[in-house]
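The values are calculated or read from the model by the stated rules, or taken from the named source; none is laboratory data. Nothing here was measured: the structure is a model prediction, and the numbers come from that model. Cβ sites come from the backbone with ideal geometry, for glycine too, and all protein chains shown count toward neighbours. Areas reflect the complete protein model, heavy atoms only, side chains present, ligands, DNA and RNA absent. Shrake-Rupley method; radii C 1.70, N 1.55, O 1.52, S 1.80 Å.
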Amino acid sequence: MRVIAVASGKGGVGRTTLVANLGLALAKMGKETIIIDACFTTPDLALLFKLEKAIYTINDAIVGETVFDNVLYTGPMGVKIAPAAVTLQQIKRTRPEQLPEIMKNLAVKADFVLIDTSGGLRRETVAALRSSSETLLVTTPDMVAVSDCMKTRLVAEFLGSRPIGFVLNRVRGEEFELDKDEIKEIMNVPLLGTVPEDDAVMKALKEGVPLMVSSPKSSAYSAITNLARKLLRT
Ligand SMILES: Nc1ncnc2c1ncn2[C@@H]1O[C@H](COP(=O)(O)OP(=O)(O)OP(=O)(O)O)[C@@H](O)[C@H]1O
Ligand SMILES: [Mg+2]
């Protein structure tokens, strides 16, 4: 079982979108896949799967009120989703530091577990990195995001989660974007995929149907499928 944290540094670069759709791409390839929302203060994964009213959340497992199996919901292509609670009351009582312990004792088996992390390097990000053995980094092609992402790579390494590579998201091919080779040099890990800026991503969000289900002809769909293939070989 590969437990991979999807992390960035800077917020808003596309981690949640990637966790959801990469999870679906892997599931479509026949891999048992679990996706977990460990972005406890601003959880978004549930919204992408219309699970915001889920009875049990990963928070309940963390506070010991239910077992991990109960917080898994089956989504499209059989992907299993562990949403995080959205109410302030639930968020306040959740101690992210407990996550590594829960992940260590997982009774459920899967080929892949993808963990959505929060931006920055706060307690919940550290907990998610500690819970994983590999980190997949995400950045957009600009200096701010890349330099924050590079710091996260260092922290992941320090916490024992191997940075396996990075994904360049929201690429428009504009002249003002940072050059790919320059980004590779700064990141110092392999580039595993390039996902273009694609309106289909926002359309999917509006429709409440994940991109990998709603837009099989989109360029982001192809890019994420390629990324999933690459991940299988990494
Ligand atoms: N390839 C893309 N093309 C177009 N829009 C995208 C793409 N990837 C992500 N987005 C959009 O960018 C916004 C941020 O994406 P997302 O929520 O996945 O980022 P995040 O890193 O998880 O953010 P947060 O820090 O808030 O958790 C969303 O509105 C999403 O739909
Ligand atoms: Mg997010």
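Below is a table of values for the structure above.
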item: Close pairs from the range 47-75: first within 23 Å of L24 (Cβ to Cβ), partner assigned to a loop (DSSP other than H, G, I, E, B) and open to solvent by 70 Å² or more (accessible area, probe 1.4 Å), Cβ under 8 Å, at least 6 apart; result: E52/V86; A61/V67; F68/A107; D69/A107; N70/Y56; V71/Y56
item: Residues (over 16 Å from the mean Cα position of the chain (by Cα), away from ligand 1 (no atom under 16 Å from the Cβ) and of a type in the set (A, V, I, L, M, F, W, C)) located in the range 15-71; result: M29, A54, I55, A61, I62, V63, V67, F68, V71
item: Hits in the range 119-138 (condition: farther than 24 Å from A27 by Cβ and within 14 Å of ligand 2 (Cβ to nearest atom)); result: G119, G120, R122, E124, T125
item: Positions within the range 194-218 being among the hydroxyl-bearing types (S, T, Y), open to solvent by 20 Å² or more (accessible area, probe 1.4 Å) and within 12 Å of ligand 1 (Cβ to nearest atom), in sequence order; result: T194, S215
item: Any chance V138 is more than 16 Å from the chain's Cα centre (by Cα) and under 30 Å from K184 (Cα atoms); result: no
item: Among residues of the range 112-153, those that are free of Cβ contacts under 8 Å to residues at least 60 places away in the same chain, farther than 28 Å from V67 by Cα and in contact with a Ser or Thr (Cβ under 8 Å, 6 or more places away or on another chain), counted; result: 2
item: Among the candidates S133, S222, residue that is open to solvent by 50 Å² or more (accessible area, probe 1.4 Å), closer than 30 Å to T94 by Cβ and out of contact with any helix residue (DSSP H, G or I) (no Cβ under 8 Å at 6 or more places or on another chain); result: S133
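Residue-wise test of (1) touching a residue at least 60 places away in the same chain (Cβ under 8 Å); (2) open to solvent by less than 30 Å² (accessible area, probe 1.4 Å); (3) more than 16 Å from ligand 1 (Cβ to nearest atom); (4) in a loop (DSSP other than H, G, I, E, B).
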| site | (1), (2), (3), (4) |
| --- | --- |
| A110 | yes, yes, yes, yes |
| V155 | no, no, yes, no |
| G165 | yes, yes, yes, no |
| N169 | yes, yes, no, no |
| E174 | no, no, no, yes |
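For every residue, the table says whether it meets (1) in contact (Cβ under 8 Å) with a residue 24 or more places away in the chain; (2) closer than 13 Å to L24 by Cβ; (3) within 18 Å of the chain's Cα centre (by Cα).
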{"position": "P196", "(1), (2), (3)": "yes, no, yes"}
{"position": "L211", "(1), (2), (3)": "yes, yes, yes"}
{"position": "P216", "(1), (2), (3)": "no, yes, no"}
{"position": "A223", "(1), (2), (3)": "yes, no, yes"}
{"position": "N226", "(1), (2), (3)": "yes, no, yes"}
{"position": "R229", "(1), (2), (3)": "yes, no, yes"}
{"position": "T234", "(1), (2), (3)": "yes, no, yes"}
